[in-house]
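Asker: Here you go, one structure.
The values are calculated or read from the model by the stated rules, or taken from the named source; none is laboratory data. Just so we're clear, the structure is a prediction, and the values are computed from it rather than from any experiment. Note that each Cβ is placed from the backbone with ideal geometry, even for glycine, and that neighbours are counted across all protein chains shown. The protein model used for the area step is the full one, side chains on, heavy atoms only, and it has no ligands, DNA or RNA in it. Shrake-Rupley method; radii C 1.70, N 1.55, O 1.52, S 1.80 Å.
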Amino acid sequence: MSDTIQVGAWIDGPHPGTGASALDSWASLIVRDCGIACPIIVTNAGVKPLYLSRWKVDHLRDAIAALRGAGAEEVGIMVWPVATPQAVRDLVADVRKIYGADEATPPQRERVPDFISIDAEGKYNGSGWGPGGAVLANGLCDGLEMAQLDADDCYLSVTAVPYRRSPRLQDSALLQHPAVRVGTPQAYSQYQGPNHWSAGMYYRVGPIQRGTWATWSPFVEDGHLDALRMGSAIFAQQHPVGPTGIEALRQAAEISIELGARRLCYWSFKHFRSASRLHSERRAFLRELSQTLCPSPSCGLSFGDAADALIFGDGEYQAMAREGCTIRAEDTAADDWQLVKLVGGES
């Protein structure tokens with residue numbers, strides 16, 4: 001990643017044309033005009049069966065290559081699993097086609113995704129990621145990881161609704177799989193009318209970002225994830241109280257960054273792709289955000305300031321001080337550890 005905030009977006013809406021010119025124009029709009037460094041192509045936007053891609057494989061690969069050519073840092077695809085054994089098998093088989101896992105000659109690396117975003121949504125097993133996902137999560141992630149086997153430096157990501165107390169059991173099962181390296185909670189501050197569930201105060205700018213960080217950041221702290229990519233809504237920003245419009249987007253992003261997020265992802269392309277004034281303002285906001293420098297690290301315990309060594313147990317493992325090194329949660333996971341500060345060359 002660069003030293004600026006990575007701006008991502010879920011890319012939905014009509015598929016681009018199949019010709020090189022159409023693909024280049026589509027990719028340029030996303031990456032150059034909108035500042036999207038991490039586009040995530042939505043492979044199925046609600047057409048049943050939900051778990052199968054609606055893109056032809058070659059067309060999808062051409063689109064991924066076009067996004068890279070336009071300057072994207074990484075390109076993902078989003079899949080929507082259904083929590084039945086057969087649906088999981090069918091989804092894995094579909095993704096294997098995208099990666100060319102069963103082809104004699106695998107496609108070029110730049111034509112396949114860097115990551116798969118698993119959209120863990122739905123209350124019922126037959127129509128989304130219902131309770132059965134708790135026992136199907138390992139099989140799903142194992143299968144997707146195997147599909148990526150011939151492509152270097154790939155990973156899995158999980159996006160889900162951030163329930164207030166904690167992620168659901170079926171979502172946690174995905175987040176704890178070793179191949180899942182990034183979590184993307186849908187911390188959407190939004191307002192869709194007085195009779196909509198988003199009318200609750202929790203969905204104003206601030207509460208949902210802070211609440212989501214509190215329940216999802218422990219997965220990073222305990223080493224299950226490398227990072228969070230905070231999901232954000234770019235639509236429905238006319239809040240009844242607090243900031244509205246572009247200012248609401250700006251403040252929501254600032255809060256996420258203050259909490260520690262360095263990657264943000266917006267739902268969705270269809271809400272900022274047109275030539276309308278509103279969409280133009282949203283694109284300008286995204287471009288500005290993409291040029292925002294990541295804050296300098298200010299939290300954590302520096303070895304240089306606090307210790308010269310981190311000693312585990314009887315001293316069989318020792319992490320020496322390094323310039324700018326920070327003690328992380330996994331460093332202190334041992335049952336017996338101590339910090340050692342040398343004074344005058346002696347501990």
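Asker: Would it be correct to say that Gly223 is on the phi > 0 side of the Ramachandran plot and touching a Lys or Arg at 6+ places or on another chain (Cβ under 6 Å)?
Answerer: no
Asker: Would it be correct to say that Ile77 is closer than 22 Å to Cys265 by Cα and at pLDDT 95 or above?
Answerer: In short, yes.
Asker: Okay, moving on. Among the numbered criteria (1) open to solvent by less than 70 Å² (accessible area, probe 1.4 Å); (2) more than 25 Å from Ala199 (Cα to Cα); (3) free of Cβ contacts under 8 Å to residues at least 24 places away in the same chain, which single criterion is violated by Arg263?
Answerer: Here Arg263 meets the rest and fails (3).
Asker: Same structure, new question: Select from the range 226-255 the residues that are on the phi > 0 side of the Ramachandran plot and in contact with an Asp or Glu (Cβ under 9 Å, 6 or more places away or on another chain) and list them in ascending order.
Answerer: Within the range 226-255, Gly245 is the sole residue that qualifies.
Asker: On to the next question. Note down all Cβ pairs under 9 Å where the first residue falls in the range 184-197 and is in contact (Cβ under 8 Å) with a residue 60 or more places away in the chain and over 19 Å from Gly76 (Cα atoms), the second is in a loop (DSSP other than H, G, I, E, B) and of a type in the set (Lys, Arg), and they're at least six residues apart or on different chains.
Answerer: Every condition considered, the pairs that remain are Ser189/Arg204.
Asker: What about Pro218, is it open to solvent by 30 Å² or more (accessible area, probe 1.4 Å), assigned to a loop (DSSP other than H, G, I, E, B) and free of Cβ contacts under 8 Å to residues at least 40 places away in the same chain? Spell out how you get there, then give the answer.
Answerer: Working: open to solvent by 30 Å² or more (accessible area, probe 1.4 Å): yes; assigned to a loop (DSSP other than H, G, I, E, B): no; free of Cβ contacts under 8 Å to residues at least 40 places away in the same chain: yes.
The answer is no for Pro218.
Asker: Assuming Asp58 fulfils every condition listed in (1) part of a helix (DSSP H, G or I); (2) touching a Pro at 6+ places or on another chain (Cβ under 6 Å); (3) not hydroxyl-bearing (Ser, Thr, Tyr) apart from one, which condition is it?
Answerer: Status for Asp58: all satisfied but (2).
Asker: While we're on this one: Looking at Ile40, Ile36, Ile64 in this structure, which one is outside any loop (DSSP other than H, G, I, E, B) and in contact (Cβ under 8 Å) with a residue 60 or more places away in the chain? Break it down stepwise before answering.
Answerer: Numbers: Ile36 fails: outside any loop (DSSP other than H, G, I, E, B); Ile64 fails: in contact (Cβ under 8 Å) with a residue 60 or more places away in the chain.
Step by step, each of Ile40, Ile36, Ile64 is checked, and only Ile40 is outside any loop (DSSP other than H, G, I, E, B) and in contact (Cβ under 8 Å) with a residue 60 or more places away in the chain.
Asker: Follow-up question, since we're still on this one. Hey, among Tyr163, Tyr202, which residue is surrounded by fewer than 18 Cβ atoms within 10 Å (Cβ to Cβ) and in a helix (DSSP H, G or I)?
Answerer: Just one listed residue meets the conditions, Tyr202.
Asker: Any residue at all in the range 116-124 that's outside any helix (DSSP H, G or I), on the phi > 0 side of the Ramachandran plot, out of contact with any Cys (no Cβ under 8 Å at 6 or more places or on another chain) and without any contact (Cβ under 8 Å) to a residue 40 or more places away in the chain?
Answerer: Looking for residues that are outside any helix (DSSP H, G or I), on the phi > 0 side of the Ramachandran plot, out of contact with any Cys (no Cβ under 8 Å at 6 or more places or on another chain) and without any contact (Cβ under 8 Å) to a residue 40 or more places away in the chain, one finds none in the range 116-124, hence no.
Asker: Also, quick follow-up: Starting from residues that are of a type in the set (Val, Ile, Thr) and not in a strand (DSSP E or B), keep the ones in the range 1-33 and report whichever is most open to solvent (accessible area, probe 1.4 Å). Steps first, please.
Answerer: Step one: filter the range 1-33 for residues of a type in the set (Val, Ile, Thr), giving 4-5, 7, 11, 18, 30-31.
With not in a strand (DSSP E or B) added as a condition, the list becomes 5, 18, 30-31.
Values: Ile5: 4, Thr18: 105, Ile30: 1, Val31: 16 Å².
Top of the filtered list is Thr18.
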